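What follows is a single structure, written as structure tokens, with notes after it.
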């Protein structure tokens with residue numbers, strides 16, 4: 001645990017550097033305002049002299065943050081280390097992702113970065129990569145395998161932050177929890193963080209008077225699915241809802257749509273730093289957005305991939321620390337530190353170049369919040 005805390009403290013300094021400035025050479029790629037054009041993938045045939053071709057398997061490339069922040073910084077870090085980059089997009093299909101990994105192996109990838117659609121379904125592809133001697137990085141989603149390097153933000157802490165900030169706004173009452181995909185370990189990491197913050201189990205009430213009246217997973221972290229779940233929560237409670245903990249911003253969009261449809265405005269939490277969600281924080285329709293500077297996550301993954309090209313021992317990656325998974329595996333990992341964004345510190349994402357003032361302040365009354 002001490003090793004992990006040391007690694008997290010080190011990475012917190014990196015986040016501070018990204019948010020507070022530093023030299024131009026230290027800044028992550030993709031630091032232009034939101035809406036940056038996605039980085040182009042590099043064909044396998046253009047691998048550098050070093051031969052370090054890094055193949056990335058995205059579960060669904062259309063999610064806002066992957067092309068905006070994660071990919072440009074993975075690619076930049078790989079190329080800065082003398083390697084080359086290529087990607088595939090499984091379009092939220094587990095079978096396609098298995099085929100994609102086969103394709104990346106056939107292209108000659110020396111390291112694989114996998115954002116798994118389903119942590120169980122991806123295991124045959126991981127086994128195939130391991131048998132070929134190809135190191136695998138589980139990107140932002142845990143794969144229960146002791147040989148897979150795990151890099152993510154501290155998602156348990158994200159859940160804690162969401163709950164804490166929403167509880168400040170709604171200290172008691174009926175809570176709804178909209179969870180992520182049941183095949184993604186992050187959904188349970190987030191929920192466990194909420195539990196640590198004091199959120200009770202479904203149909204239970206804590207000492208402060210918070211009762212969880214509805215809790216449901218949402219396949220693929222889908223906005224429409226979250227809207228359906230929130231509609232069901234409102235119907236089941238006759239609209240008697242006082243707060244909503246959504247496990248990400250895309251789902252929070254569906255939550256707010258459902259609340260708007262019945263004329264309710266209650267505290268809502270989310271995470272990822274999506275443009276629409278940060279704008280909702282400025283407007284007051286979302287209480288907190290936990291920002292995970294995905295540019296730093298991408299940079300760290302790209303650097304780890306280059307390191308693994310040179311030495312496949314995951315324990316030798318800079319900043320790595322042992323992490324015991326829910327399945328009892330010990331995996332080498334890097335955890336970055338998230339940050340709460342509320343109406344009181346919107347300048348943080350503005351100053352970091354994560355979002356433009358125009359996007360953040362769309363339809364916001366001038367002077368109603370800092371930064372607008």
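The values are calculated or read from the model by the stated rules, or taken from the named source; none is laboratory data. None of these values were measured; they are calculated from a predicted model. Neighbour counts run over all protein chains shown; Cβ positions are idealised from the backbone, glycine included.
Observations on the model:
- Sole exception among (1) assigned to a helix (DSSP H, G or I); (2) more than 22 Å from residue 281 (Cβ to Cβ); (3) at pLDDT 95 or above for residue 220, by number: (3)
- Residue within region 304-315 that is at pLDDT 95 or above, in a helix (DSSP H, G or I), at negative phi and not assigned by TED's automatic domain parsing to the domain that holds residue 72 present: no
- Only residues that are out of contact with any helix residue (DSSP H, G or I) (no Cβ under 6 Å at 6 or more places or on another chain) and at negative phi were counted across region 323-340, and they come to 10.
- Selection status of residue 208, surrounded by fewer than 22 Cβ atoms within 10 Å (Cβ to Cβ) and touching a residue at least 40 places away in the same chain (Cβ under 8 Å): yes
- Region 161-192: number of residues that are over 15 Å from the mean Cα position of the chain (by Cα) and assigned to a helix (DSSP H, G or I): 8
- The set of residues from region 281-314 being farther than 30 Å from residue 149 by Cα, free of Cβ contacts under 8 Å to residues at least 40 places away in the same chain and surrounded by fewer than 21 Cβ atoms within 10 Å (Cβ to Cβ) comprises just one member, 285.
- Scoring residue 231 on the criteria (1) touching a residue at least 40 places away in the same chain (Cβ under 8 Å); (2) over 18 Å from residue 193 (Cα atoms); (3) not assigned by TED's automatic domain parsing to the domain that holds residue 142 leaves a single failure, condition (1).
- Of the residues making up region 325-372, those that are assigned to a strand (DSSP E or B) and surrounded by 17 or more Cβ atoms within 10 Å (Cβ to Cβ) are 331, 332, 333, 334, 335, 336, 339, 340, 341.
- Scanning region 251-294 for residues that are in a loop (DSSP other than H, G, I, E, B) and either touching a strand residue (DSSP E or B) at 6+ places or on another chain (Cβ under 9 Å) or outside the structural domain of residue 215 (by TED's automatic domain parsing) (or both) turns up 266, 267, 272, 273, 274, 284, 285, 286, 287, 292, 293.
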